[in-house]
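**Q** Quick one: structure below, then a few questions.
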Amino acid sequence: DLSNKFLHSTRSSRRTTFAMSGGAADGGGSSGGARTALAEVSSGGEFKRRESAWRNWISREKDAEHPPEADRYHLFVAYACPWAHRTLIVRALKGLEDVVSTTVVHPIWQRTRPDIEDDTHSGWVFGSDGNMLTNSEGLGGPFPPSFDGNEPDPIFNARSIRELYDKVGDTDGKYTVPILWDKKLNTIVSNESSEIIRMLNSEFNEFSKQPELDVYPEDMRKDIDAINDWVYPSINNGVYRCGFATSQAAYDKAIDELTEAFDLVETILEKQRYIAGDALTEADVRLFVTLLRFDEVYVVYFKTNTRSVADSPAILNYCRDIYQQVGVKETCNMEQIKAHYYCSHPSLNKYSIIPRGNNFVKLLEEPHDRETL
């Protein structure tokens, strides 16, 4: 079938370039042990995202270190971050808003150690009622100290996500969201989004408002895994491979794979309602968060302008279907998505000018006909 053909054609390069299946987004710049996504580029100019470091599990097994409990776990997320957005969507689909609490960080990266001149790391900070902000180079804006829904850290009153990693003795140095936090043990359970969404899907059913919903059902796992295997490197991470490439050859390779994968998605969705079959699954969540950002951000900022969602009828209608699922719309905040990307990397957009765009989200409010497939 088409997806297997595509997977076979890209398997070799994917094995050497992409070890992880999910991930997180972190701050820009670097200092000392503080690593960042912008620094994860090979000598050939290819962006190579490294794996998440915290990979523990919430489990219903006897004597589990992190058993499922209501109001024990907290998600630190950004509306802007596609990896964190995955967790917000699954939390909403499963009806876990009253079970797993959240804090949404500020979308625009700031210096995480502004009191230390030589520490240039920039990353996620919490909302505050302080002064208006610029980008991390003192340019752009002014930006509000809090966008709608941004809040202070409720646990340690930390200023930045970096401080939470410091609290637990992190040695990896990549300060990413999402973070799934255990409030009882005061530690990070996981910062790997692909695993967090599976925990939310399966381990909290006794507390869930939608326990019958399974976005990783046993009888579809082979198909879901097969879709994830090519969507992640070519599309989810593919847009970053385009945007963070530092050589023409690296960009050309990435955009070719992205374009081919995008066309394959369109072909699949012309024939079936969801990307892995007839049921909504985690594969749809993982794909949707990238498609949501594609036209407003990636086409412009990451140079992925060979295709667009608005000009792809099946993909556009598919996005409408996902967006209109119960609870999903409330997790989509295009203002903060655009503020993050266009204002957090001064090396890519020095003055943090945010393109106006064509109000892509308005297209998602229109009716779809996906249920007829």
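**Q** Just a yes or no: is a residue in the range 78-89 among the β-branched types (Val, Ile, Thr) and closer than 30 Å to residue 279 by Cβ?
**A** yes
**Q** Limited to the range 198-210, what total is found for residues that are of a type in the set (Lys, Arg) and either in a helix (DSSP H, G or I) or open to solvent by less than 10 Å² (accessible area, probe 1.4 Å) (or both)?
**A** Here the count works out to 1.
**Q** Take the range 180-194 and flag every residue that is assigned to a loop (DSSP other than H, G, I, E, B) and touching a residue at least 60 places away in the same chain (Cβ under 8 Å).
**A** Result: 183, 184, 185, 191, 192.
Each row is one residue, and each column tells you yes or no for (1) touching a Pro at 6+ places or on another chain (Cβ under 7 Å); (2) over 24 Å from residue 81 (Cβ atoms); (3) outside any loop (DSSP other than H, G, I, E, B).
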{"site": "196", "(1), (2), (3)": "yes, no, yes"}
{"site": "212", "(1), (2), (3)": "no, yes, no"}
{"site": "221", "(1), (2), (3)": "no, yes, yes"}
{"site": "224", "(1), (2), (3)": "no, no, yes"}
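**Q** Which helices (runs of 4 or more DSSP H) sit wholly inside the range 245-360 and have at least 1 residues that are of a type in the set (Asp, Glu) and either under 27 Å from residue 139 (Cβ atoms) or within 17 Å of the chain's Cα centre (by Cα) (or both)?
**A** 282-293, 334-343
**Q** Residues of the range 118-174 being part of a strand (DSSP E or B) and either free of Cβ contacts under 8 Å to residues at least 24 places away in the same chain or of a type in the set (A, V, I, L, M, F, W, C) (or both), which ones? Explain how you work it out, then say what you get.
**A** Quick first cut of the range 118-174, residues part of a strand (DSSP E or B) only: 122-123, 125, 133, 143, 150, 160, 174.
Answer for the range 118-174, where residues must be part of a strand (DSSP E or B) and either free of Cβ contacts under 8 Å to residues at least 24 places away in the same chain or of a type in the set (A, V, I, L, M, F, W, C) (or both): 125, 133, 143.
**Q** Here's another thing I want to ask about it. Residue 188 passes all but one of (1) surrounded by fewer than 16 Cβ atoms within 10 Å (Cβ to Cβ); (2) closer than 28 Å to residue 282 by Cα; (3) touching a strand residue (DSSP E or B) at 6+ places or on another chain (Cβ under 9 Å); which number fails?
**A** Evaluating residue 188 over (1) surrounded by fewer than 16 Cβ atoms within 10 Å (Cβ to Cβ); (2) closer than 28 Å to residue 282 by Cα; (3) touching a strand residue (DSSP E or B) at 6+ places or on another chain (Cβ under 9 Å) leaves (1) as the failure.
**Q** Further question on the same structure: How many residues are β-branched (Val, Ile, Thr) and under 21 Å from residue 148 (Cβ atoms) if we restrict to the range 333-372?
**A** Adding up the residues that qualify gives 3.
**Q** May I ask you to list the residues in the range 78-90 that are assigned to a helix (DSSP H, G or I) and either open to solvent by 30 Å² or more (accessible area, probe 1.4 Å) or among the β-branched types (Val, Ile, Thr) (or both)?
**A** 87, 89, 90, listed by residue number.
**Q** Here is a further query. Among the residues of the range 218-231, are any at pLDDT 95 or above and farther than 28 Å from residue 312 by Cα? Give the derivation first.
**A** Residues of the range 218-231 that are at pLDDT 95 or above, as a first pass: 218-231.
When the remaining residues are screened for being farther than 28 Å from residue 312 by Cα, the result is 218-219.
Yes, the conditions are met somewhere in the range 218-231.
**Q** Residues 149, 169: which one is closer than 20 Å to residue 92 by Cα and open to solvent by 20 Å² or more (accessible area, probe 1.4 Å)?
**A** That would be 149, the only listed residue that is closer than 20 Å to residue 92 by Cα and open to solvent by 20 Å² or more (accessible area, probe 1.4 Å).
**Q** Here's a follow-up. Residue under question is residue 299, and the condition is that it be open to solvent by less than 10 Å² (accessible area, probe 1.4 Å), under 21 Å from residue 241 (Cβ atoms) and not polar (S, T, N, Q); does it hold?
**A** no
**Q** A follow-up question, please. Of everything in the range 48-77 that's among the hydrophobic types (A, V, I, L, M, F, W, C) and open to solvent by 20 Å² or more (accessible area, probe 1.4 Å), which residue is modelled with the lowest pLDDT?
**A** Once the filter is applied, the top-ranked residue is 53.
The values are calculated or read from the model by the stated rules, or taken from the named source; none is laboratory data. What you see is a predicted model, and the numbers here were worked out from it, not measured in a lab. Reconstructed Cβ throughout: ideal geometry from the backbone, glycine too, with neighbour counts over all protein chains shown. Accessible surface is based on the protein model in full, side chains and every heavy atom, while ligands, DNA and RNA are left aside. Shrake-Rupley method; radii C 1.70, N 1.55, O 1.52, S 1.80 Å.
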